[in-house]
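A.B. asks: One structure, as structure tokens, below. Some questions next.
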Amino acid sequence: MSLLEEGGLGQWSRQIPVNGFDLLTQLTEGNLQKTGVPEFTAKEAMKKIELLRQGLWAQVEPPRRELALDTVAEIGIKGDWEQVIADEACRSYAAVCRQAIDSDLAWQWFEWLETRLPWQDPTDTKYRADGKAIPRRTIFSVAKGCNCTYKYSGVAVKPYVEPDWLAEIREKCVDIAGLDEQPNSCNINLYRDGNDQVGWHTDDEPLFEGEYNDICILSLSLGSSRTFQLKKKGVKGVARNEATSSFVVSHGDLCTMEGRFQRHYLHAVLREPEVEEPRINLTWRFITKHNHDDGCTLHGPGN
Ligand SMILES: O=C(O)CCC(=O)C(=O)O
Ligand SMILES: [Fe+2]
């Protein structure tokens with residue numbers, strides 16, 4: 001493969017799974033970096049791999065017939081899952097299960113979360129020069145033993161070890177989604193009213209390695225309904241704040257973002273000033289690369 005000889009990967013070739021099929025299907029920026037390839041070289045190499053993929057499959061991500069991936073809407077045996085995005089070319093999927101959690105139970109959870117969590121008000125040092133807190137309250141919960149600080153844009157959220165009552169909420173939701181593993185972290189947001197929001201972003205932080213691996217993020221909405229907006233990257237003619245699709249997320253709804261979604265799609269819950277009541281959202285994620293820089297000593301598949 002000329003990529004290995006002239007493309008700058010030569011010195012790592014022994015560690016890289018380069019038998020034709022693996023190269024095309026399994027190779028990601030992440031596993032190149034794991035074998036010691038510097039980030040820049042890995043990115044450049046992946047561009048070439050994607051050209052090869054486009055030649056062979058007419059798409060940049062491995063198709064599911066080549067590299068298996070079951071979506072929650074396909075495996076979710078409990079609950080009525082609706083696939084809202086099935087973008088095969090980008091290996092990107094999203095699904096919703098309406099009223100997955102019975103309303104009374106969902107209100108009990110809302111109350112627990114609102115009153116028991118030590119909500120944080122971090123500042124965004126990158127996008128908010130005024131030094132004001134981000135426009136929502138937040139918590140980053142982690143499994144016992146994990147000490148990962150969650151850093152995104154200019155925000156750093158210290159870890160909060162998941163209490164048993166929160167584990168109970170997680171287990172119930174994971175069961176409905178039919179995931180065979182338990183996520184080991186959860187980002188929790190409290191939107192006090194429609195003036196609170198989260199702007200356009202992807203959950204592509206290194207902790208979750210979602211930019212170059214198939215990952216699943218499971219999300220639970222509690223309280224007032226809000227609009228969850230999606231925007232496919234690189235679509236021409238879409239205005240800055242315009243979505244390419246959106247759906248309302250209501251009390252007790254579960255939804256997912258799956259596969260390479262964090263690489264190809266942005267998402268947001270933007271201001272809706274007419275909303276007067278609070279909403280709490282939980283997004284369970286899998287930390288696969290623990291944050292050693294900020295003092296976590298655990299190791300995952302990514303480190
Ligand atoms: O509130 C939501 O539904 C989305 C939250 C979100 O995108 C995040 O926590 O990263
Ligand atoms: Fe997000």
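Computed from the coordinates by the stated procedures, all read-outs in this text should not be read as laboratory data. A quick note: this is a predicted structure, and the numbers were derived from the prediction, not measured. Positions of Cβ are backbone-derived with ideal geometry, glycine not excepted, and every protein chain shown enters the neighbour counts.
A.B. asks: Taking each pair of different alpha-carbon atoms in the chain once, compute 1/r for the pair, average those values, and report the inverse of that mean as the Kirkwood hydrodynamic radius in Å to one decimal.
C.D. replies: Mean inverse Cα-Cα distance, inverted, gives 20.4 Å.
A.B. asks: Using Cα-Cα distances under 8 Å and only pairs 6 or more residues apart, what relative contact order does the range 72-294 have, in percent?
C.D. replies: Averaging sequence separation for qualifying contacts and normalising by length gives 28 percent for the range 72-294.
A.B. asks: Dipole of the chain (Lys/Arg Cβ +1, Asp/Glu Cβ -1, origin at the Cα centre): which of L52, G300, G79 lies farthest to the positive side?
C.D. replies: Going by the Cα projections, it comes out as L52.
A.B. asks: Turning to a different aspect of this structure: Taking the chain as the reference, fit the longest principal axis to its C-alpha atoms, fit the long axis of helix 103-116 to the helix C-alpha atoms, and give the angle between the two in degrees, 0 to 90, nearest 10.
C.D. replies: 90
A.B. asks: Something else about it: Amide H to amide H, which residues 5 or more places from A100 or on other chains are under 5 Å from it, using H placed in the peptide plane?
C.D. replies: Those qualifying (amide H under 5 Å, at least 5 residues apart or on another chain) are D253, L254.
A.B. asks: Something else about it: Rounded to whole Hz and in sequence order, give me ³J(HN,Hα) for the range 194-203 from the Karplus expression 6.51 cos²θ - 1.76 cosθ + 1.60, θ = phi - 60°, writing x for Gly and Pro.
C.D. replies: x, 7, 7, 7, 10, x, 4, 6, 10, 8
A.B. asks: What's the ranking of 177-184, 135-142, 226-233 by average number of surrounding C-beta atoms within 10 Å, highest first?
C.D. replies: Result, highest mean Cβ count within 10 Å first: 135-142, 226-233, 177-184.
A.B. asks: Among F261, F208, which comes first, second and so on when ranked by fewest other beta-carbon atoms within 10 Å?
C.D. replies: Starting with the residue having the fewest Cβ neighbours, the order is F208, F261.
A.B. asks: When you count, for each residue, the other Cβ atoms within 10 Å and take the mean per peptide, how do 114-120, 200-206 rank with the highest first?
C.D. replies: 200-206, 114-120
A.B. asks: Something else about it: Mean 1/r over all different Cα pairs, inverted: what Kirkwood radius does the range 130-254 give, in Å?
C.D. replies: 16.5
A.B. asks: Could I ask something else about it? Please report the spacing between the Cα centers of the range 80-130 and the range 259-302 in Å, no decimals.
C.D. replies: What the calculation gives is 9 Å, centre to centre.
A.B. asks: Same structure, new question: Students often forget the sequence filter, so: which aspartates and glutamates lie under 16 Å Cα-Cα from K132 once same-chain residues fewer than 8 apart are removed?
C.D. replies: Straight-distance partners of K132: D121, D124, D196.
A.B. asks: Amide H neighbours of I287 under 5 Å, at least 5 residues apart or on other chains, H built in the peptide plane: list them.
C.D. replies: Correct list: N184, S185.
A.B. asks: What do you get for the angle between helix 39-57 and the principal long axis of the chain? Use alpha-carbon atoms, 0 to 90 degrees, nearest ten.
C.D. replies: The two axes meet at around 80 degrees.
A.B. asks: Placing +1 on the Cβ of each Lys and Arg and -1 on the Cβ of each Asp and Glu in the chain, which of S153, P135, A100 has its Cα farthest towards the positive end of the resulting dipole?
C.D. replies: S153
A.B. asks: Let me ask another. What ³J(HN,Hα) values, in whole Hz, does the Karplus curve 6.51 cos²θ - 1.76 cosθ + 1.60 give for the range 141-157 when θ = phi - 60°, with x put for Gly and Pro?
C.D. replies: 9, 10, 5, 3, x, 8, 10, 6, 7, 9, 10, 8, 5, x, 10, 10, 10
A.B. asks: Can you tell me which of 262-271, 22-31, 104-113 comes out highest on packing, and rank the rest after it, using the mean Cβ neighbours within 10 Å?
C.D. replies: Per-residue Cβ counts within 10 Å, averaged per peptide and sorted highest first, yield 262-271, 22-31, 104-113.
A.B. asks: Give me a comma-separated list of calculated 3J(HN,Hα) values for the range 289-303, in order, Karplus coefficients 6.51, -1.76, 1.60 applied at θ = phi - 60°, integers in Hz, x for any Gly or Pro.
C.D. replies: Karplus values, whole Hz, x for Gly and Pro: 9, 5, 7, 5, 4, 10, x, 8, 10, 6, 10, x, x, x, 7.
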